[in-house]
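The values are calculated or read from the model by the stated rules, or taken from the named source; none is laboratory data. Being a predicted model, the structure only gives us computed values, none of them experimental. Backbone-built Cβ (ideal geometry, glycine too); neighbour counts: all protein chains shown.
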Amino acid sequence: MMKYLLDTNIPLYLEDIDSPFNQAVQEKFQQLQDEDQLFMSVLSLFELYYGVALRKKSGEEQLAEHSLQVIDAIKKRFTLLPLTGKEASTFGEMKALYKDRSKKKENKQETIKKHDIDFIIASTAIEYGLVVVSNDTIFQRIKELYPDLKFENWI
Amino acid sequence: MAQKRLTITLPGSAEALHNALQMLLQYGLISEKKAHSIEGKRKHEQTRKKPGKKSRWAIVAEEMVQEGLLRGKSEKLLESIRDFRDNFEIPAPVDKTVK
């Protein structure tokens, strides 16, 4: 039995038949077993609701409505994991490690701060013993620094 | 002396079966080889019994594809998600040392 933590992009690709990544995600879902478990972070809801608010503000009512329906589809099908505080110490270590490595590579401070959500998702996965599934390469970079993280890109 | 025969109804789900076999192994009621053989046999039976049966996750994927709520719009939503992540920061601890 495998336990996965889906990043927000995965269900969005499933709901978008025109996405070039739709087929790959579908095929991977078809290979899963009944006993496999799929989770999502509650943070995915935060960012999806933010997207809904932005669409409403820009007058894109239909996309806002569809985004709300996607949120319902996610809530109905996947187990949402709350933040409990248990992941905080892993987050701290991970961010410090990434910051240190980025400085050595002379990356700008900006590149560090934009990954806080990714670090939280990665540390949640480690805390619960889940494999992160995403099409975002940041998780591969985190894994290189933090080998405890299990990561798969299904695309 | 005649050996007593133990009859146990093994559970249906793969996980429960695995746990039951582990318990039997722990108490020395079954050999490791036998446990492997039972698990393998059950797996084979389940595959054989249900040719082409879709897993619940295959069904979930089909449902979501059929809903097609975001036709050609997933990238637009992902942009707002990236915007959210780019602007989200847990501030670094403030140094409150009195100098």
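Step by step: first the residues of the range B:10-29, then only those that are aliphatic (A, V, I, L, M) and part of a helix (DSSP H, G or I), then the one that is nearest to the other protein chains (Cβ to nearest Cβ). Which residue is that?
Within the range B:10-29, the first condition is being aliphatic (A, V, I, L, M), and the residues that meet it are B:10, B:14, B:16-17, B:20-21, B:23-25, B:29.
Retained after the next criterion (residues that are part of a helix (DSSP H, G or I)): B:14, B:16-17, B:20-21, B:23-25.
Details: B:Ala14: 6, B:Ala16: 10, B:Leu17: 11, B:Ala20: 15, B:Leu21: 15, B:Met23: 17, B:Leu24: 20, B:Leu25: 19 Å.
Of everything passing the filter in the range B:10-29, B:Ala14 is nearest to the other protein chains (Cβ to nearest Cβ).
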How many residues are facing chain B (nearest Cβ under 8 Å), in contact (Cβ under 8 Å) with a residue 40 or more places away in the chain, in a helix (DSSP H, G or I) and within 30 Å of B:His18 (Cα to Cα) if we restrict to the range A:1-51?
-> 1
How about the range A:52-84: which of its residues are under 21 Å from A:Leu5 (Cα atoms) and within 8 Å of chain B (Cβ to nearest Cβ)?
-> A:Ser67, A:Gln69, A:Val70, A:Ala73, A:Arg77
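Do any strands (runs of 3 or more DSSP E) lying entirely in the range A:65-155 carry at least 3 residues that are within 20 Å of A:Leu43 (Cβ to Cβ) and of a type in the set (A, V, I, L, M), and which ones are they? Please lay out each step first, then the result.
Details: elements: A:79-81, A:131-133, A:150-152.
Hits in the range A:65-155: A:131-133.
Answer with yes or no whether A:Val52 is under 18 Å from B:Leu70 (Cα atoms) and surrounded by fewer than 22 Cβ atoms within 10 Å (Cβ to Cβ).
On the way: under 18 Å from B:Leu70 (Cα atoms): yes; surrounded by fewer than 22 Cβ atoms within 10 Å (Cβ to Cβ): yes.
Answer is yes for this residue.
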Only residues that are surrounded by fewer than 13 Cβ atoms within 10 Å (Cβ to Cβ) and small (Gly, Ala, Ser): list them for the range B:23-36, please.
-> B:Gly28, B:Ser31
Please determine, by comparing only the residues of the range B:74-92 that are among the hydrophobic types (A, V, I, L, M, F, W, C) and within 7 Å of chain A (Cβ to nearest Cβ), which one is surrounded by the most Cβ atoms within 10 Å (Cβ to Cβ).
-> B:Leu77
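Yes/no matrix, rows are residues, columns are (1) among the aromatic types (Phe, Trp, Tyr); (2) over 16 Å from B:Glu89 (Cα atoms); (3) modelled with pLDDT of 90 or more; (4) touching a strand residue (DSSP E or B) at 6+ places or on another chain (Cβ under 8 Å):
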site: A:Glu35; (1), (2), (3), (4): no, yes, yes, no
site: A:Tyr49; (1), (2), (3), (4): yes, yes, yes, no
site: A:Lys56; (1), (2), (3), (4): no, yes, yes, no
site: A:His66; (1), (2), (3), (4): no, yes, yes, no
site: A:Leu80; (1), (2), (3), (4): no, yes, yes, yes
site: A:Tyr98; (1), (2), (3), (4): yes, no, no, no
site: A:Lys103; (1), (2), (3), (4): no, yes, no, no
site: A:Glu110; (1), (2), (3), (4): no, no, no, no
Return yes when A:Glu61 is farther than 26 Å from A:Tyr128 by Cα, surrounded by 16 or more Cβ atoms within 10 Å (Cβ to Cβ) and not polar (S, T, N, Q) and no when it is not.
-> no
Pairs only if they're at least six apart or on different chains, beta carbon under 7 angstrom, first in the range B:55-73 and at the interface with chain A (Cβ under 7 Å from one of its Cβ atoms) and at negative phi, second β-branched (Val, Ile, Thr) and surrounded by fewer than 20 Cβ atoms within 10 Å (Cβ to Cβ); list them, first residue then second.
-> B:Val65/A:Ile17; B:Arg71/A:Ile17
